[in-house]
1. Given the conditions (1) at pLDDT 85 or above; (2) not in a strand (DSSP E or B), and given that Gly107 satisfies all but one, which numbered condition is not satisfied?
2. Can you find even one residue in the range 46-66 that is over 26 Å from Arg128 (Cβ atoms), at pLDDT 95 or above and of a type in the set (A, V, I, L, M, F, W, C)?
3. Hey, could you check the range 80-104 for residues that are farther than 16 Å from Leu122 by Cα and surrounded by 14 or more Cβ atoms within 10 Å (Cβ to Cβ) and say which is farthest from the chain's Cα centre (by Cα)?
4. Exactly one of these conditions fails for Ser69: (1) of a type in the set (S, T, N, Q); (2) open to solvent by less than 90 Å² (accessible area, probe 1.4 Å); (3) under 20 Å from Ile10 (Cα atoms). Give me its number.
5. Need at least 3 residues that are in contact with a Phe, Trp or Tyr (Cβ under 6 Å, 6 or more places away or on another chain) per element, so show me which strands (runs of 3 or more DSSP E) inside the range 13-98 make the cut, counting only ones lying wholly within it.
6. Among the residues of the range 29-56, what is the count of those that are more than 17 Å from Leu75 (Cβ to Cβ) and under 17 Å from the mean Cα position of the chain (by Cα)?
7. Surrounded by 13 or more Cβ atoms within 10 Å (Cβ to Cβ) and under 22 Å from Asp11 (Cα atoms), is that true of Ala62?
8. For the range 1-28, give me each residue that is farther than 19 Å from Val74 by Cβ, open to solvent by less than 30 Å² (accessible area, probe 1.4 Å) and hydroxyl-bearing (Ser, Thr, Tyr).
Amino acid sequence: MLPFHLAFRIDDIESTRAFYAGLLNCPTGRETENWIDFDFFGHQISAHIGPRPDVVLQTRVAGIDVPLSHFGAVLEWDRWHELSERLAAHNADFVIEPQVRFVGEPGEQATFFVRDPSGNALEFKAFRDPNGIFDAGSTAATPAEAAQ
């Protein structure tokens, strides 16, 4: 599989470098005074300095409000636990604390959301069964979600 590319907005280069290269261990790539690239778990992400949006949108997943605009990575189960523990030890800005959802269902997954220094939401997941990543059984709305 070829890597994907994602460009996103940041406040400044140095706090972004500290978060992605320092805390997440993502190697840096090319950069200028206005943007910096990272190897984000095998994919290219480009962080560009720009204005913050006026509104932060949310949606509901498994009965929890999650940031509508987010990106992240699917990790191996053990690597997800290592990363969640490292972020907790560094007092990361968790939007949603590490947890396992859809327990016992197809698509059972560990997940957490964290914000980078510029306020961007990232989700990190790990599937108990990696074959369940695209399993449609895990996307059904809860009764409360269906009523909204």
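1. It is condition (1) that Gly107 fails.
2. Yes, the range 46-66 contains at least one residue that is over 26 Å from Arg128 (Cβ atoms), at pLDDT 95 or above and of a type in the set (A, V, I, L, M, F, W, C).
3. Among residues in the range 80-104 that are farther than 16 Å from Leu122 by Cα and surrounded by 14 or more Cβ atoms within 10 Å (Cβ to Cβ), the one farthest from the chain's Cα centre (by Cα) is Phe102.
4. Against the list (1) of a type in the set (S, T, N, Q); (2) open to solvent by less than 90 Å² (accessible area, probe 1.4 Å); (3) under 20 Å from Ile10 (Cα atoms), Ser69 comes up short only on (2).
5. Working: elements: 28-31, 35-40, 43-49, 58-61, 64-67, 70-74.
The strands (runs of 3 or more DSSP E) meeting that bar are 43-49.
6. Let us first name the residues in the range 29-56 that are more than 17 Å from Leu75 (Cβ to Cβ), namely 29-37, 44, 46-56.
Those left that are additionally under 17 Å from the mean Cα position of the chain (by Cα): 37, 44, 46-47, 56.
Qualifying residue count for the region: 5.
7. Details: surrounded by 13 or more Cβ atoms within 10 Å (Cβ to Cβ): yes; under 22 Å from Asp11 (Cα atoms): no.
No.
8. Thr16 - this is the single residue of the range 1-28 that is farther than 19 Å from Val74 by Cβ, open to solvent by less than 30 Å² (accessible area, probe 1.4 Å) and hydroxyl-bearing (Ser, Thr, Tyr).
The values are calculated or read from the model by the stated rules, or taken from the named source; none is laboratory data. Since we're looking at a predicted model, the values are computed, not measured. Heads up, the Cβs are rebuilt from the backbone with ideal geometry, glycines too, and the neighbour counts pull from every protein chain shown. For accessibility, only protein heavy atoms count, side chains too; no ligands or nucleic acids. Shrake-Rupley method; radii C 1.70, N 1.55, O 1.52, S 1.80 Å.
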